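Asker: Before I ask anything, let me first share the structure, which is written out below as structure tokens.
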Amino acid sequence: MTEETVNDPTELRIDERIAERYADLSPQERRAADVLLAHLDDLAIYRAAELADLAGVSKATMSRLFRHLGFDDFGEVREHLRGMRSQGVPVTIEGAPSLVTHLEHEIANLQSAMSRLDETRLDTAAQLVADAGRVVVLGLRNSYPVALHLRQQLSQARPGVTLAPQPGQSLSEELLGLEPGDAAVVVGFRRRPDRLDDLLAVLEDAGTPVILLADPTARALAARATIWLECPLTTASAFDSYAAAMSVVAVLADRVLDRVGRGGEDRVTAIDASYRALREIENA
């Protein structure tokens, strides 16, 4: 691999390109670059002339900076930012959306998630979780809160549900001993670690059924899963929305409770009685 390939600017985000080339920029270009970094989250809502004014430099200087960073013009910078947003990077493309626009995106995500969650696939996933000896729910980075909520819901329906990774523990410790009679629910939304594919390979080698709950960017990983549950996250805002994911969690947990039957109902009743005895929830 040549030095030119290693430092190919087209393989880097705009902030990484600036960091790599900053020392070679002129003082005016550095001022312009500082403005780009300061407004990275909402860069695309500005015009090139406005950015030049903010930096106190000429439009020609701003154009030179774009070229030094590997862009033909600011239009190409906008396309680059759209690519970053599609990967889950919180970048504002058109400014903060209205509540109506946000609601429209949320409804579209819910409709998309539910349309892909056919009854047969949902029933199979619920049966795997209901019948498993042990259930491990795994969630890393952005996926952890969704995994935490799923584990809390499933533990109402049945015993033997754990969350991984636990604070201070490695994944290897959590996965050790999983067998074909167990089940793993892997929550793998974008901005996930590179090693998720290796984690799925370990579960596959152990013969452990895997339910993969993730956004469309994880389709390449779906082949390693027994059941693939797809949830879109993209919104009109800078940040992803997990409303559809939480809805799928509720549907899956409810279906598991139904599959467990009377034992699940008795467990819910016992847990509720314990909550009240320990005063962990307020009395209605």
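Asker: Take peptides 163-176, 120-133 and line them up by average Cβ neighbours within 10 Å, highest first, as a rough protection proxy.
Answerer: 120-133, 163-176
Asker: While we're here: Under the definition of Cα pairs under 8 Å and six or more residues apart, what whole-number percent is the relative contact order of the range 99-277?
Answerer: Working: 286 pairs, mean separation 52.5, N = 179.
That works out to 29 percent.
Asker: Then there's this: Among GLU230, GLU16, which comes first, then next, by fewest other beta-carbon atoms within 10 Å?
Answerer: Final ranking by Cβ density, sparse to dense: GLU16, GLU230.
Asker: Using DSSP to call loops (not H, G, I, E or B), can you name the trypsin sites (Lys or Arg not before Pro) in the range 8-78 whose Cβ has at most 11 other Cβ atoms within 10 angstrom?
Answerer: ARG47
Asker: Hydropathy at least 1.0 by Kyte-Doolittle, axial extent at least 15 angstrom from the Cα trace: which helices of the chain, defined as entire DSSP H runs, fit?
Answerer: Within the chain the helices that satisfy the rule are 243-260.
Asker: Considering the chain as a Gaussian network with a 10 Å cut-off on Cα pairs, which listed residue, SER241, SER274, SER155, attains the greatest mean-square fluctuation?
Answerer: Sorting by GNM fluctuation, first place goes to SER274.
Asker: Sticking with this one: Once you charge only the Cβ atoms, +1 for Lys and Arg and -1 for Asp and Glu, what is the size of the charge dipole of the chain about its Cα centre, to the nearest 20 debye?
Answerer: Numbers: 30 positive and 44 negative charges, 85 e Å.
Using Cβ point charges on Lys, Arg, Asp and Glu, the chain gives about 400 debye.
Asker: Could you go through the range 210-226 in sequence order and give the Karplus-derived ³J(HN,Hα) for each residue, using 6.51 cos²θ - 1.76 cosθ + 1.60 with θ = phi - 60°, rounded to whole Hz, and x for Gly and Pro?
Answerer: 3J(HN,Hα) across the range 210-226, in whole Hz: 10, 9, 9, 9, 7, 8, x, 5, 9, 4, 5, 8, 4, 5, 8, 9, 6.
Every number in this text was worked out from the coordinates using simple rules, so none of it is lab data. From a predicted model like this one, the values you see are computed outputs, not experimental measurements. Using ideal geometry, Cβ is built from the backbone for each residue, glycine included, and neighbour counts are taken over all protein chains shown.
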